[in-house]
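No lab work stands behind these numbers, since they all come straight from the coordinates. These numbers come from a predicted model, not from an experiment. Virtual Cβ from ideal backbone geometry, glycine too; neighbours counted across all protein chains shown.
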């Protein structure tokens, strides 16, 4: 399964709403779709799994939605620490796991 | 506290070999699927390989299949990645990661840098 993320870059100001998209080339099994935040020099951080379940410690301004082939990560009000690259990831039969190409959320 | 610590990265010439290790603490590796994921500025995050708890279900990214071998030693609470016949395009930061049955990577190591260059 190939995951395509859009847009490639999102230029927004703190306090604004961010909407990130992830489209799969085939239906994602059991909605096994996760979202990660990645900052330079740090390990990726799991935000959402199962398409919509927040991981432990994920602030409630982050929410995930979608099913089948189309998924969305929404950040309701951007905080300064939210500017980062975001990846979606799926689990399936072949390959076992795969990531999208990422969306960079940058300060406008 | 769940912790994963990688080691074994470094600079290697094309065609060379490296073995990455990942030691877990704060939990028993025994019951979990474990993976290696790499990051490059150009491609972003890329799943490399995974292994089930019993080590009888292994999967690999196509470009590394036949060159990389994932393994684990549950008694040592450790995960490994043997990388042979390395290529320039294998240059990346390699992370070990744990899947706690959510089909997502909840815990990550700090990363090991592998540079393949002559």
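Every Cα-Cα pair in the range B:60-118 was counted, and those over 15 Å apart are 60% of them.
How long are the semi-axes of the equivalent ellipsoid of the range A:1-77, defined as square roots of 5 times the Cα gyration tensor eigenvalues? Whole Å, largest first. Please list the in-between numbers first.
Numbers: eigenvalues 80, 43, 33 Å².
Three semi-axes, in Å: 20, 15, 13.
At a temperature of 25 °C and a viscosity of 0.890 mPa s, determine how fast the range B:18-118 diffuses translationally according to Stokes-Einstein, using the Kirkwood radius over alpha-carbon pairs as Rh; express D in µm²/s, rounded to the nearest whole number. Taking Rh from Cα pairs, D becomes 179 µm²/s.
Between A:84, A:51, A:34, the GNM of chain A built on Cα springs shorter than 10 angstrom shows A:84 fluctuating the most.
Please work out the Kirkwood hydrodynamic radius for the protein assembly as shown, using every pair of different C-alpha atoms, and report it in angstroms with one decimal place. Please list the in-between numbers first.
Numbers: mean 1/r = 0.0561 Å⁻¹.
Over the protein assembly as shown, the inverse of the mean reciprocal pair distance is 17.8 Å.
Gaussian network model of chain B, Cα springs within a sub-10 Å range: biggest mean-square fluctuation belongs to which of B:92, B:75, B:24? Comparing B:92, B:75, B:24 in the GNM, the peak value goes to B:75. Within the range B:13-31, which residues have the backbone N less than 17 Å from the label spot 7 Å out from residue B:5 along Cα→beta-carbon, could you tell me? What the label zone holds, given the 17 Å backbone N cut-off, is B:20-29.
Would you mind classifying the range B:1-52 by shape? Square roots of the alpha carbon gyration tensor eigenvalues, ordered a ≥ b ≥ c; an a/c under 1.5 is rounded, otherwise it is prolate if a/b is larger than b/c and oblate if not.
Working: a/c = 2.07, a/b = 1.61, b/c = 1.28.
It comes out prolate by the Cα gyration axes.
To the nearest whole number, what is the average tally of beta carbon atoms from other chains within 10 Å of the beta carbons of peptide B:45-52?
On the way: counts 13, 3, 8, 2, 3, 4, 0, 1.
Mean number of neighbouring Cβ atoms from other chains: 4.
When you restrict to C-alpha pairs under 8 Å that are six or more residues apart and normalise by the size of chain A, the relative contact order lands at 38 percent. I want to make sure I understand the PRE zone here: with the label point 7 angstrom from the Cα of residue A:69 toward its beta carbon, which residues in the range A:18-52 have backbone N atoms less than 12 Å away? Flagged as within label range: A:23-28. With the simple model of a label 7 Å out from the Cα in the direction of the Cβ, residue B:82 to residue B:57 spans 2.3 nm.
Given axes a ≥ b ≥ c from the Cα gyration tensor, I'd like to know whether the range A:49-108 is rounded (a/c under 1.5), prolate (a/b larger than b/c) or oblate.
Because a/c hits 1.5 or more and a/b exceeds b/c, the range A:49-108 counts as prolate.
Per-residue Cβ counts within 10 Å, from other chains only, averaged over A:40-47: what number is that?
Details: counts 1, 3, 3, 14, 9, 3, 8, 1.
Neighbouring Cβ atoms belonging to other protein chains average 5 per residue here.
Shielding of peptide B:100-111 by partners, expressed as the average count of other chain Cβ atoms within 10 Å per residue Cβ, is 6. Across the range A:12-38, the residues whose backbone nitrogen lies under 19 Å from the label position 7 Å along the beta-carbon direction of residue A:2 are A:21-29.
Remark: spin-label model distance residue A:56-residue B:89 equals 3.8 nm, labels positioned 7 Å along the Cα→Cβ axis.
Quick one: work out the % antiparallel among DSSP beta bridges in the range B:34-118, nearest 5.
Values: 27 of 28 bridges.
Taking every DSSP beta bridge with both residues in the range B:34-118, the antiparallel ones total about 95 percent.
Normalising the average separation of contacting C-alpha pairs (under 8 angstrom, six or more residues apart) by the number of residues puts the relative contact order of the range B:27-118 at 28 percent.
Note on chain A: with a GNM built from Cα contacts shorter than 10 Å, the maximum mean-square fluctuation among A:15, A:66, A:92 falls on A:15.
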